[in-house]
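The values are calculated or read from the model by the stated rules, or taken from the named source; none is laboratory data. Every value quoted in this text rests on a predicted model; they were computed, and no experiment measured them. With ideal geometry, Cβ positions are generated from the backbone for all residues, glycine too; neighbour counts draw on all protein chains shown.
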Amino acid sequence: MVSSHTMRTAVVGPGAIGTVVAALLHEAGTPVLVAGRSPRPDLRLDTERGAIVVPGPVLTDPARSPGAADVVFLAVKATQTAATAAWLSALCGPATVVCVLQNGVEQVESVQPLVAGSDVVPAIVWSPAERRPDGSVRLRGEPRFTVPRVGGAERVGRVLEATACEFTIADDFTTLAWRKLLQNAAAGLMALTGRRAGMFRRDDVADLALAYLRECLAVARACRAALPDDEPDRVLQRFRGFPDDMGTSILADREAGRPLEWDVRNAVIRRRGREHGIPTPVSDVLVPLLAAASDGPG
Ligand SMILES: NC(=O)c1ccc[n+]([C@@H]2O[C@H](COP(=O)([O-])OP(=O)(O)OC[C@H]3O[C@@H](n4cnc5c(N)ncnc54)[C@H](OP(=O)(O)O)[C@@H]3O)[C@@H](O)[C@H]2O)c1
């Protein structure tokens, strides 16, 4: 069996989550190639245990890739996936496993066409990480990823097993992924209002969030997610329990004028609803507003 230390491992997209993975692999003694868009001398992750610095530089030219890797972690925003095509083509071959660290439920559909022949393993990222203006990253909580029981999952686990990352292979990944998606979808309301979690304590916002989450639940169940009747209430209560000033990545992107992941976090509900003949009146209002907030024009 190949040890994790001799596996050729790469991270594409050294932002918040990419830096977490690269730093944990480096800490565990696994060499990792870091492929990015912006040149950087190194990566720095601050954890509750201290700082981990991954020696660079971050490579930015796919033509200088050393060739196919055994495992590639793709950690760009979903809006940036298409732009990584040259990196994926340089780093992926038929024996490569690509682990996609992105929100949503459509990672395989979006990445598989860029890596024909490689196994694509979607991962749910449970631990929030924040990128600071200087590029360093702060990890909040313990790093935790979940993947489905599919081809390639065990190899991802083998690469991560020596790291401080908690890694699980789930039999019912669909339910977990949709559970996370409901939370991500509701967080889209914060990007529309420009407000933080405190806004969910308003009764009118809570009513809207509940109507939206019930719509998401109907679509999730049609997509085989085994979520309970009270899932919408639980998600709302979680938002209401957060500190008033707690933000979310889609709000941070909106405040910074960056493109929003509205398609994979919100439009997917409407898309899947249409496929299953489920009306999505709340999405029909929210999605065009999020799309316009993200992409304009105007
Ligand atoms: N952050 C979290 O706490 C968290 C939690 C759960 C899930 N997620 C999900 O994880 C995914 C990644 O999020 P993130 O927060 O880590 O994003 P991020 O901090 O914006 O990082 C994205 C990274 O990808 C790089 N990049 C962009 N285009 C590229 C290209 N063509 N080639 C190579 N690198 C490229 C960016 O480069 P630049 O440095 O030039 O911008 C940046 O370093 C998203 O789907 C997000 O929703 C995030």
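Selection of the range 215-253 for residues being more than 24 Å from Ala267 (Cβ to Cβ) and in a loop (DSSP other than H, G, I, E, B) yields Pro228, Asp229, Asp230, Phe242, Pro243, Asp244, Asp245, Met246. Of the set (1) within 13 Å of the ligand (Cβ to nearest atom); (2) over 18 Å from the mean Cα position of the chain (by Cα), all apply to Val32 but (1). Evaluating Asp42 against the criteria (1) in contact with a Leu (Cβ under 9 Å, 6 or more places away or on another chain); (2) more than 9 Å from the ligand (Cβ to nearest atom); (3) not hydroxyl-bearing (Ser, Thr, Tyr) leaves one unmet condition, (1). Looking at the range 276-295, which of its residues are free of Cβ contacts under 8 Å to residues at least 24 places away in the same chain and either part of a helix (DSSP H, G or I) or not assigned by TED's automatic domain parsing to the domain that holds Trp178 (or both)? Hits for the range 276-295 are Asp284, Val285, Pro288, Ala292. Which one of these is out of contact with any strand residue (DSSP E or B) (no Cβ under 8 Å at 6 or more places or on another chain) and on the phi > 0 side of the Ramachandran plot: Gly29, Gly13, Gly93? That would be Gly29, the only listed residue that is out of contact with any strand residue (DSSP E or B) (no Cβ under 8 Å at 6 or more places or on another chain) and on the phi > 0 side of the Ramachandran plot.
Only one of the numbered conditions (1) touching a residue at least 40 places away in the same chain (Cβ under 8 Å); (2) assigned to a loop (DSSP other than H, G, I, E, B); (3) within 16 Å of Leu24 (Cα to Cα); (4) of a type outside the set (Lys, Arg) is not met by Glu142, and that is (1).
Against the numbered list (1) within 30 Å of Val219 (Cα to Cα); (2) in contact with a Ser or Thr (Cβ under 6 Å, 6 or more places away or on another chain), Val137 comes up short only at (1). How many residues are closer than 21 Å to Pro143 by Cβ and surrounded by 17 or more Cβ atoms within 10 Å (Cβ to Cβ) when one looks only at the range 47-66? Result for the range 47-66: 4.
Yes or no: Val76 assigned to a loop (DSSP other than H, G, I, E, B) and either among the acidic types (Asp, Glu) or within 11 Å of the ligand (Cβ to nearest atom) (or both)? Spelling it out, Val76 is indeed assigned to a loop (DSSP other than H, G, I, E, B) and either among the acidic types (Asp, Glu) or within 11 Å of the ligand (Cβ to nearest atom) (or both). Taking the conditions exactly as written (farther than 23 Å from Thr174 by Cβ and either touching a Gly at 6+ places or on another chain (Cβ under 8 Å) or in the same structural domain as Glu106 (by TED's automatic domain parsing) (or both)), does Arg254 satisfy them or not? Considered against the rule, which asks whether it is farther than 23 Å from Thr174 by Cβ and either touching a Gly at 6+ places or on another chain (Cβ under 8 Å) or in the same structural domain as Glu106 (by TED's automatic domain parsing) (or both), Arg254 comes out as yes.
Screening Ser127 with (1) assigned to a loop (DSSP other than H, G, I, E, B); (2) within 14 Å of the ligand (Cβ to nearest atom); (3) in contact with a strand residue (DSSP E or B) (Cβ under 8 Å, 6 or more places away or on another chain); (4) over 24 Å from Asn184 (Cβ atoms) gives one miss only, at (4).
Within this structure, Val235 fails the test of being among the aliphatic types (A, V, I, L, M), under 18 Å from Arg179 (Cβ atoms) and within 13 Å of the ligand (Cβ to nearest atom). Taking the criterion of being surrounded by fewer than 16 Cβ atoms within 10 Å (Cβ to Cβ) and either within 12 Å of the ligand (Cβ to nearest atom) or modelled with pLDDT of 95 or more (or both), the residues of the range 130-149 that qualify are Glu130, Arg132, Pro133, Asp134, Arg140, Gly141, Arg144, Arg149.
With the requirement that a residue be in contact with a helix residue (DSSP H, G or I) (Cβ under 6 Å, 6 or more places away or on another chain) and either free of Cβ contacts under 8 Å to residues at least 12 places away in the same chain or under 19 Å from Glu255 (Cα atoms) (or both), what does the range 201-230 give you? Across the range 201-230, there are no qualifying residues. Do you know which residues across the range 87-123 are within 8 Å of the ligand (Cβ to nearest atom) and either at pLDDT below 95 or outside any loop (DSSP other than H, G, I, E, B) (or both)? Scanning the range 87-123 gives Trp87, Leu101.
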